[in-house]
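In what follows, a single structure is set out as structure tokens and then discussed.
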Protein chains: 2
Amino acid sequence: MVAEKDEKTTMSADGGAQPPPGQTWLGQVLRDAHRAFSRALQSRIAAHGVTMGQWSFLRALWEEDGLTQRQLSQRVGMMEPTTVTALNGMERSGLVVRVRNPADRRKVNIFLTEKGRSLQSVLIPHAHEVAQQATDGLSAPELQAAIEALTRVIANLDRSGDDFLDGFD
Amino acid sequence: MVAEKDEKTTMSADGGAQPPPGQTWLGQVLRDAHRAFSRALQSRIAAHGVTMGQWSFLRALWEEDGLTQRQLSQRVGMMEPTTVTALNGMERSGLVVRVRNPADRRKVNIFLTEKGRSLQSVLIPHAHEVAQQATDGLSAPELQAAIEALTRVIANLDRSGDDFLDGFD
DNA sequence: CAAATAAACTTAGATTGCTAAGCGTTTTTT
DNA sequence: AAAAAACGCTTAGCAATCTAAGTTTATTTG
């Protein structure tokens, strides 16, 4: 039987890779939290033929139907090729239809089908359930504070990305 | 020129897809924070030939060299096929070497090369820099609280995953 | 109005991650 | 000790994203 699934050999001989002031850790925690959340939600919505990649777009369309792909990409915060991929799948499974805009034929408006729209009442509860489980034991203020901190982090990083362009034009 | 990058058509006609009690939102924020962090770190370490996928494994090895692939997977929290892929790349770029364990030929121990080890002092500062920018404007307690909240979220979700197995054995 | 530029979508190709299934090696059963 | 079970790694194939490079349609310019 052996029962030594990890062997814990020399364990942390201080290579100098300490996670410092709770900082380097942040990335790790973000990644793990994101993956845990994704997995949880995915396992629930997959049964309805919806993938995580499609989930965000579906939500955006529930909020406002008929958006163009460009608009959808911006709302969801995804690059356009990603949107194309997701929409291809959604179109294939009959959740949306693409309609070439007659006024400006470059544009393609995306409309939910009855099937796509009806999923809202089915899927939203699953999302709530996951959020519920995820935040179990956290007070509303704690949760709120965490979300605000993360929002700050997002803003900080997005902004700092611009720094790379400074002095290059 | 036109200057109307979004057209903001009917905007939120309340389809009923409200993000509820700051909950459904959590997933969105987690995803965005994770992506922002990844992008930021990636853009810095890529110059040294290391991808985000490899970063975690490198850190684990800096902390303890010679782990088996199974152990590495557990430490990093990644599935084994993912580990295989990352290690293939790392082996190809000369960061690690695979050594079949003579005592148990099923196992393969992973050892850092001099190159892989020396990257530690180069890469860690980049990670700190990103963490620094990410947490700009957040007090230590705020950051700490956020990390604890996320840790709680991770634990909640991982645990709840087990629920699926209840009554199935 | 024709040519150049811009806008919106698509295609191509790479990376990272996962699940499922396969292949040797070792340990446990009988 | 042969058969069965467990281990540890690998392969195969899919999903989600991204960047770079088209294609088609509109708008601006000369």
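How much net charge surrounds A:SER139 when only other residues with a Cβ under 15 Å from its Cβ are counted (Lys, Arg +1; Asp, Glu -1)?
Details: positive: B:ARG152; negative: A:ASP136, A:GLU142, A:GLU148, B:GLU148.
Counting the neighbours of A:SER139, the net charge comes to -3.
How crowded by other chains is B:41-52, given as the mean number of beta carbons from other chains within 10 Å of each beta carbon? Walk me through the numbers on the way to the answer.
Numbers: counts 3, 0, 2, 1, 0, 0, 0, 0, 0, 0, 0, 2.
Partner-chain Cβ atoms within 10 Å, mean over residues of B:41-52: 1.
Could you please report the charge total around A:MET78, scoring K, R as +1 and D, E as -1 over all other residues with beta-carbon less than 12 angstrom from its beta-carbon? The partial results should precede the final answer.
Working: positive: A:ARG70, A:ARG75, B:ARG31, B:ARG35; negative: A:GLU80, B:ASP32.
It works out to a net charge of +2.
What FRET efficiency, computed as 1/(1 + (r/R0)^6) with R0 = 51 Å and r the Cβ-Cβ distance, is obtained for B:ASP104 and B:ARG39, rounded to the nearest 0.05? Can you show the working numbers first?
Working: r = 40 Å, r/R0 = 0.79.
Computed FRET efficiency for B:ASP104 and B:ARG39: 0.80.
Find the Rg to Rh ratio for the range A:49-154, where Rh is the Kirkwood radius over alpha-carbon pairs and Rg uses the same atoms. Write down the numbers at each step before the final one.
Values: Rg = 16.2 Å, Rh = 15.3 Å.
Over the Cα atoms of the range A:49-154, Rg/Rh equals 1.06.
Identify the residues of the range B:114-149 with backbone N under 20 Å of a label point that sits 7 angstrom from the Cα of A:SER139 along the Cα-to-Cβ direction, or state none.
Counting only backbone N, you get B:139-149.
Per residue of B:118-131, count partner chain C-beta atoms within 10 Å of its C-beta, then hand back the mean as an integer. Walk me through the numbers before you get to the answer.
On the way: counts 0, 0, 3, 2, 0, 1, 6, 0, 0, 8, 4, 2, 7, 10.
Average neighbour count from other chains, rounded to a whole number: 3.
At 1.4 Å probe size, what's the solvent-accessible area of B:GLU142? Round to the nearest 10 Å².
Number for this one is 90 Å².
Based on the Cβ-Cβ distance from B:LYS115 to A:GLU91, what FRET efficiency comes out when R0 is 51 Å, to the nearest 0.05?
E between B:LYS115 and A:GLU91, to the nearest 0.05, is 0.60.
Could you tell me the center-to-center distance, by alpha carbons, between the range B:121-150 and the range A:30-99 in angstrom?
30
All other residues with a Cβ under 12 Å from the Cβ of A:HIS34 taken together, and with Lys, Arg as +1 and Asp, Glu as -1, what is their net charge? All intermediate terms of the calculation are to be shown ahead of the outcome.
On the way: positive: A:ARG31, A:ARG35, A:ARG39, B:ARG31, B:ARG35; negative: A:ASP32, B:ASP32.
Cβ neighbours under 12 Å give a net charge of +3.
Against the globular-protein guess of 2.2 N^0.38 Å, express the Cα radius of gyration of the range B:67-117 as a ratio, rounded to two decimals. Can you show the working numbers first?
Details: Rg = 10.6 Å, N = 51, 2.2 N^0.38 = 9.8 Å.
This ratio for the range B:67-117 stands at 1.08.
The values are calculated or read from the model by the stated rules, or taken from the named source; none is laboratory data. Not measured: the values here are computed from a predicted model. Cβ coordinates were reconstructed from backbone atoms using ideal geometry, including for glycine residues, and neighbour counts include every protein chain displayed. What goes into the accessible areas is simple: the full protein's heavy atoms, side chains included, and nothing from ligands, DNA or RNA. Shrake-Rupley method; radii C 1.70, N 1.55, O 1.52, S 1.80 Å.
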